[in-house]
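The values are calculated or read from the model by the stated rules, or taken from the named source; none is laboratory data. From a predicted model like this one, the values you see are computed outputs, not experimental measurements. Positions of Cβ are backbone-derived with ideal geometry, glycine not excepted, and every protein chain shown enters the neighbour counts. These area figures cover heavy atoms from the full protein model, side chains too; ligands, DNA and RNA do not enter into them. Shrake-Rupley method; radii C 1.70, N 1.55, O 1.52, S 1.80 Å.
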Amino acid sequence: MKAIFKQVALFHGLDDSQLDHLIEISHKLTYHQDDIVFEQGSAGDALYIIADGQVGVKVNDTDGDSYVALYLGKGQVFGEMALIDQGTRSATIIAAEDHTEIYRISTQDFITLCTQRPDIGYILMRNIAQDLSFKLRHRSAD
Amino acid sequence: MIYKVSYVVKDGDFPGGIRNETERPMVGSLVKIGPRTFEIIEIHEMMPPRDGFQFLHALVAEPSEAKSSADSYF
């Protein structure tokens, strides 16, 4: 599991002992194709890291239409926006492949860790900001 | 090195994707985005590399479209 986390940009800059704290609060989930991870509008109570497979980021627009706006694969993080702004989910996440493996970290556990260990919290928050920047650049190019 | 790649589909008729690769993607390689397979037709650096991560942007197209696009150079 540590080998997987070392390949995730969200965690880069963390040493082995810092990663151990994250591993303690991470829970592995496996999804089949078309399984819903969470739905747009629901409460944001966790962030997720894709260990294997792909998910579709599906958005319902104001006209009632829905479309997949983006596919996220190995090493990507989702659900972090609600963690930062306390808002509801901005999209529905659907597994796009069988055996999609995802690690879930609850918002409460994440915030507690960042509060108790600001050295870890600083790195995670910096990396979340950089991940959001990357996604914005992707969107600009799309 | 881990390559974090933003894949964008040419002409925007299909959503792109983001994922990590353990090998640097190459022009001409095939990549699966959601249920469909595309061919990489262009790659460039999106952000400066940092601590073992490279951040790349890859433009992809349908394999047949990529071929005809390449043919048009001749």
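Only one of A:48, A:67 is under 15 Å from the mean Cα position of the chain (by Cα) and closer than 19 Å to residue A:35 by Cα; which? Within the list A:48, A:67, the selection yields A:48.
Out of the residues in the range B:4-43 meeting the condition of being more than 10 Å from chain A (Cβ to nearest Cβ) and part of a strand (DSSP E or B), tell me which one is farthest from the chain's Cα centre (by Cα). In this case the residue turns out to be B:37. Within the range A:78-129, the only residue that satisfies the criterion of being open to solvent by 30 Å² or more (accessible area, probe 1.4 Å), acidic (Asp, Glu) and closer than 18 Å to residue A:40 by Cα is A:85. Report yes if residue A:39 is closer than 24 Å to residue A:97 by Cα and either open to solvent by 40 Å² or more (accessible area, probe 1.4 Å) or polar (S, T, N, Q) (or both), otherwise no. Considered against the rule, which asks whether it is closer than 24 Å to residue A:97 by Cα and either open to solvent by 40 Å² or more (accessible area, probe 1.4 Å) or polar (S, T, N, Q) (or both), residue A:39 comes out as yes.
For the range B:38-74, the tally of residues that are of a type in the set (D, E, K, R) and modelled with pLDDT under 85 stands at 4. Taken over the range A:39-48, the criterion of being within 25 Å of residue A:137 (Cβ to Cβ) and assigned to a strand (DSSP E or B) is satisfied by A:47, A:48.
Go through the residues of the range B:51-65 one by one and say whether even a single one is of a type in the set (D, E, K, R), part of a strand (DSSP E or B), closer than 23 Å to residue A:51 by Cβ and at the interface with chain A (Cβ under 10 Å from one of its Cβ atoms). No, every residue in the range B:51-65 fails to be of a type in the set (D, E, K, R), part of a strand (DSSP E or B), closer than 23 Å to residue A:51 by Cβ and at the interface with chain A (Cβ under 10 Å from one of its Cβ atoms).
Within this structure, residue A:14 passes the test of being within 21 Å of residue B:53 (Cα to Cα) and surrounded by 14 or more Cβ atoms within 10 Å (Cβ to Cβ).
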